[in-house]
Amino acid sequence: MDLGMIGLGRMGGNMTVRLLRDGHRVVAYDRSAAALQAAGEAGAECVTTLEELTQRLTPPRTIWLMIPAGAPVDDTIARLLPLLQRGDLLIDGGNSNYRDSQRRAAQLAEHGIGFVDVGTSGGIWGLSEGYCLMVGGAAAEVARIEPVLRSLAPAGGYAHVGPSGAGHYVKMIHNGIEYGLMQAYAEGFELLHAKREFDLDLAQIAELWLHGSVVRSWLLELAARMFAAESDLATLRDWVADSGEGRWTVQEAIELAVPAPVIALALMQRFASRQETSFAAKVVAGLRHQFGGHSLQRAE
């Protein structure tokens with residue numbers, strides 16, 4: 001199948017390679033010369049403008065966007081729109097907000113252009129292991145891109161989950177669950193690490209739990225690998241980013257009045273990790289001193 005790929009970062013670049021290996025023709029675009037060179041060496045036809053990308057593809061065109069969520073997606077669609085024609089199809093495989101995907105699908109439909117939102121999971125391991133693809137859109141448009149979905153996903157690794165926006169909604173909840181899982185593992189391993197009298201080997205325990213334990217998972221496999229490389233993680237900062245999906249999941253829980261305390265607290269812990277000092281902790285310390293005369297540690 002002929003496909004345009006816009007965005008050749010860690011995900012888009014590896015997806016391009018996987019598609020090429022399965023015999024697809026990929027016309028690739030990225031603002032980075034190095035990313036274009038890597039894609040070209042893998043066999044992609046590389047272009048330096050969106051105009052050239054659309055010209056290289058035979059209508060009806062299929063173009064996959066693998067770029068950061070938000071304004072970059074809207075800006076790229078605005079630049080592509082004058083270059084496209086009725087029957088063309090855009091795919092957003094990034095981590096867009098599902099409401100944005102619904103809006104974009106409606107906007108493009110006014111021009112006779114299809115839109116499919118694909119929640120994509122797999123990270124840097126997707127090249128070798130395949131990507132889990134959560135697909136939203138019209139049934140005919142999803143069927144049209146099935147050859148690409150089959151090449152990117154492992155067996156059983158893609159599904160048409162619903163109409164426009166559903167793919168990114170399912171991916172949003174997927175990432176919210178991921179927040180909670182990682183936080184639970186993190187707290188458990190911190191408890192193990194703190195029990196100095198046992199001198200526990202965290203890599204050994206993580207590896208042990210991969211065999212028959214009810215908490216075994218791919219995340220635990222990655223933890224075992226991480227602790228084997230650096231048992232005390234001394235070179236890492238205790239600073240954790242969030243890329244948006246966790247916030248959106250918590251906001252959705254509030255709007256739907258669905259209790260999601262674990263995911264919400266996992267998100268709050270990421271915020272806490274970025275504080276050099278905690279004003280809230282100062283308030284608690286001060287209040288304990290006020291009502292109970294408890295000791296205070298003064299800043300130097």
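The values are calculated or read from the model by the stated rules, or taken from the named source; none is laboratory data. None of these values were measured; they are calculated from a predicted model. Note that we place each Cβ from the backbone using ideal geometry, even for glycine, and neighbour counts take in every protein chain shown.
Restricting attention to the stretch 268-299, which residues are in a helix (DSSP H, G or I), farther than 30 Å from GLU245 by Cβ and of a type in the set (Gly, Ala, Ser)? Scanning the stretch 268-299 gives ALA285, GLY286, GLY292.
Within the stretch 254-267, the residues that satisfy the criterion of being crowded, with 17+ Cβ neighbours inside 10 Å, touching a residue at least 60 places away in the same chain (Cβ under 8 Å) and in a helix (DSSP H, G or I) are ILE263, ALA266, LEU267. Before we move on, is ALA224 closer than 27 Å to GLY130 by Cβ and hydrophobic (A, V, I, L, M, F, W, C)? Yes: the conditions hold for ALA224. A single member of GLY87, GLY12 is among the small types (Gly, Ala, Ser) and more than 16 Å from GLY126 (Cβ to Cβ), and it is GLY87. Return yes or no: is TRP248 outside any helix (DSSP H, G or I) and among the aromatic types (Phe, Trp, Tyr)? The answer is no for TRP248.
Consider the stretch 132-154 and keep the residues that are in contact with a Pro (Cβ under 9 Å, 6 or more places away or on another chain) and surrounded by 23 or more Cβ atoms within 10 Å (Cβ to Cβ). The one that is farthest from MET172 (Cα to Cα) is GLY137. Checked against (1) surrounded by 15 or more Cβ atoms within 10 Å (Cβ to Cβ); (2) modelled with pLDDT under 95, TRP125 meets all criteria but (1). Under the condition of being more than 14 Å from TYR185 (Cα to Cα) and in a loop (DSSP other than H, G, I, E, B), the residues counted in the stretch 204-232 number 5. Suppose the filter is farther than 30 Å from ALA78 by Cα and touching a residue at least 40 places away in the same chain (Cβ under 8 Å); does ILE145 pass it? It is false that ILE145 is farther than 30 Å from ALA78 by Cα and touching a residue at least 40 places away in the same chain (Cβ under 8 Å).
The listed residues are LYS195, LYS171, and the only one of them that is of a type in the set (Lys, Arg), crowded, with 23+ Cβ neighbours inside 10 Å and on the phi < 0 side of the Ramachandran plot turns out to be LYS171. Residues to consider are ALA206, ALA166; find the one that is touching a residue at least 12 places away in the same chain (Cβ under 8 Å) and over 30 Å from GLY94 (Cβ atoms). It is ALA206. Pairs are defined by a Cβ separation below 8 Å, a sequence spacing of at least 6 or placement on different chains, a first member in the stretch 78-98 that is within 21 Å of GLU146 (Cβ to Cβ) and in contact (Cβ under 8 Å) with a residue 60 or more places away in the chain, and a second member that is of a type outside the set (A, V, I, L, M) and part of a loop (DSSP other than H, G, I, E, B); the pairs so defined are GLY94/GLY7; GLY94/PRO68. Looking only at residues of the stretch 262-300 that are of a type in the set (Ser, Thr, Tyr) and under 30 Å from ILE173 (Cα atoms), we find that the one that is modelled with the highest pLDDT is SER273. Only residues that are in contact (Cβ under 8 Å) with a residue 40 or more places away in the chain and touching an Asp or Glu at 6+ places or on another chain (Cβ under 8 Å) were counted in the stretch 10-26, giving 2.
When LEU36, LEU3, LEU81, LEU90 are checked against the criterion of being surrounded by 15 or more Cβ atoms within 10 Å (Cβ to Cβ) and over 24 Å from GLU129 (Cα atoms), LEU90 stands alone in meeting it.
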